[in-house]
Amino acid sequence: MRSTHTMDTAANALANSQRLLVLSGAGLSAESGIPTFREAQTGLWAQFSPQDLATPEAFAADPERVWAWYRWRRTLIARGGVNAGHRAIAALERHMAVVIATQNVDGLQTTAGSHDVSELHGNIWVDRCSSCSAESRQPVAEADDDAPLPHCEECGALTRPGVVWFGEMLPVDALERAQAEVERCDCVLVVGTSNQVYPAAALVEMAVAGPAQVIEVNPQATAVSNAVDVHIPESASVALPSLVDRLDALRSAR
Ligand code: BV8
Ligand code: ZN
């Protein structure tokens, strides 16, 4: 379990930070009831690996199945909503400049009130035309599994979820923004990622190799846990609100 010393070290690193970069992954949204990619999927989807479904080839081969998977995830996100971890990250903006680069496509960090979020892997609430690339934002709501597959209002072609699939390039502006922030920030908070998907994982490696203090929040150890300045072996929705409370106390004592 997390020790007081660990939490105090992390809170002091945050108290000395003017510019924080948050690198977040699926573990941050796990307590919203959204399964991470590492966990076995549940129900109908237990037989599929996300890496097999989140690809252009899977969509080309069976768009109905891929859309059914994304509709299932949209429903989970709409039902689960923001958790205490998302809210704690949004609350950090009271104390310093906060830039967030997330691998998550659920949009929950923005919903929680954060103002500077780079979505490295796109957003599940965007439909993108598979032909002319026109994009349309969908309302955050439980999906209608029986609705016909969505088509582009501009050209009539089939639309796809506006996310980055395996084998696809990340949005250049989001990736470059995150890379610039790794160089510029004085503290990095890595939350809920197994650091296995590139090039997002390379941001964590850059952070660890750089001058900034690096704090990792993850109940499990990862490949960088021995290299970060502080590893808090705790869930995000417990550790992050506790860090914010400590930070509030440190800053008000100044
Ligand atoms: C690309 C969107 C190339 C879709 C996703 C080297 C360089 C470049 C590419 C590669 C490379 N090596 C391999 C590649 C290919 C590939 C890749 O990285 N493969 C991996 C499997 C080895 N990368 C790509 O394909 C990328 N594209 O590079 O294109 C290219 C180059 C030129 C021209 C054209 C193409 C694209 C990758 C993006 C794929 N899309 N998502 C969707 O969501 O449906 S990835 C998806 O999986 C997520 O977005 C996320 O990134 C990843 C899952 O990782 P995590 O978020 O870390 O989640 P995970 O489940 O792994 O771990 C959860 C963690 O949380 C755990 O550690 C757990 O302990 C912790 N946890 C659990 N509960 C909690 C918790 N923590 C805190 N609190 C809790 N309560
Ligand atoms: Zn179109």
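What does the net charge come to around M96 if you take all other residues with beta carbon closer than 15 Å to its beta carbon, with K and R at +1 and D and E at -1?
Overall, the nearby charge balance is +1.
Amide H neighbours of V214 under 5 Å, counting only residues 5+ apart in sequence or on other chains, H built in-plane at 1.01 Å?
For V214, whose amide H was placed from the backbone, the distant partners under 5 Å are V188, D229, V230.
In what order, largest first, do E64, E183 sit by accessible area if the probe radius is 1.4 Å? Walk me through the numbers on the way to the answer.
Working: E64 110, E183 135 Å².
So the residues, ranked largest to smallest area, are E183, E64.
Between S194, S118, S49, which gets the highest mean-square fluctuation from a Gaussian network model of the chain, Cα cutoff 10 Å?
S49
I'd like the accessible area for I124: 1.4 Å probe, protein heavy atoms, all chains in place, Å² to the nearest 10.
Its accessible surface works out to 0 Å², give or take rounding.
Given springs between every Cα pair under 10 Å in a Gaussian network model of the chain, which of L243, L149, L120 has the largest fluctuation?
With Cα springs under 10 Å in the chain, the top fluctuation among L243, L149, L120 is at L149.
Roughly how big is the stretch 168-254's charge dipole about its Cα centre, with Cβ charges of +1 (Lys, Arg) and -1 (Asp, Glu), in debye to the nearest 20? Walk me through the numbers on the way to the answer.
Values: 5 positive and 12 negative charges, 58 e Å.
It comes to approximately 280 debye.
What are the equivalent ellipsoid semi-axes of the stretch 100-143, built from the alpha-carbon gyration tensor (square roots of five times its eigenvalues), in whole angstrom, biggest first?
Semi-axis lengths for the stretch 100-143 are 20, 13, 8 Å.
Please report, as a whole percent, how much of the solvent-accessible surface of the chain comes from carbon and sulfur atoms (probe radius 1.4 Å).
C and S fraction of accessible area: 50 percent.
Grab the Cα-Cα distance for R79 and S225, subtract it from 0.36 nm times how many residues apart they are, and report the gain in nm with one decimal.
Difference between extended and current length: 49.4 nm.
Using Cα springs under 10 Å in a Gaussian network model of the chain, which residue among N12, N104, N83 shows the largest mean-square fluctuation?
In this elastic network of the chain, the residue with the biggest mean-square fluctuation among N12, N104, N83 is N12.
Run the helix sum for the chain: -39,500 (n - 2.57) per DSSP H stretch of 4+ residues, divided by residue count, reported at 222 nm to the nearest 500 deg cm²/dmol. Please list the in-between numbers first.
Values: 10 runs with 96 residues, N = 254.
One gets -11000 deg cm²/dmol as the mean residue ellipticity at 222 nm.
Bins of 5 Å, beginning at zero and ending with the bin holding the largest distance: percent of Cα pairs per bin for the chain, please.
1, 6, 13, 18, 19, 16, 11, 8, 5, 3, 1, 0, 0
Roll a 1.4 Å probe over the protein chains and send me the accessible area per residue for the chain in Å².
46
May I ask for the net charge around L20, where only other residues with Cβ less than 10 Å from the Cβ of L20 are counted and Lys, Arg are +1 while Asp, Glu are -1?
Here the charged neighbours net out to -2.
The values are calculated or read from the model by the stated rules, or taken from the named source; none is laboratory data. Bear in mind the structure is a predicted one, so any value in this text is a computation, not a measurement. Reconstructed Cβ throughout: ideal geometry from the backbone, glycine too, with neighbour counts over all protein chains shown. Keep in mind that these areas ignore ligands, DNA and RNA; they rest on the heavy atoms of the full protein, side chains included. Shrake-Rupley method; radii C 1.70, N 1.55, O 1.52, S 1.80 Å.
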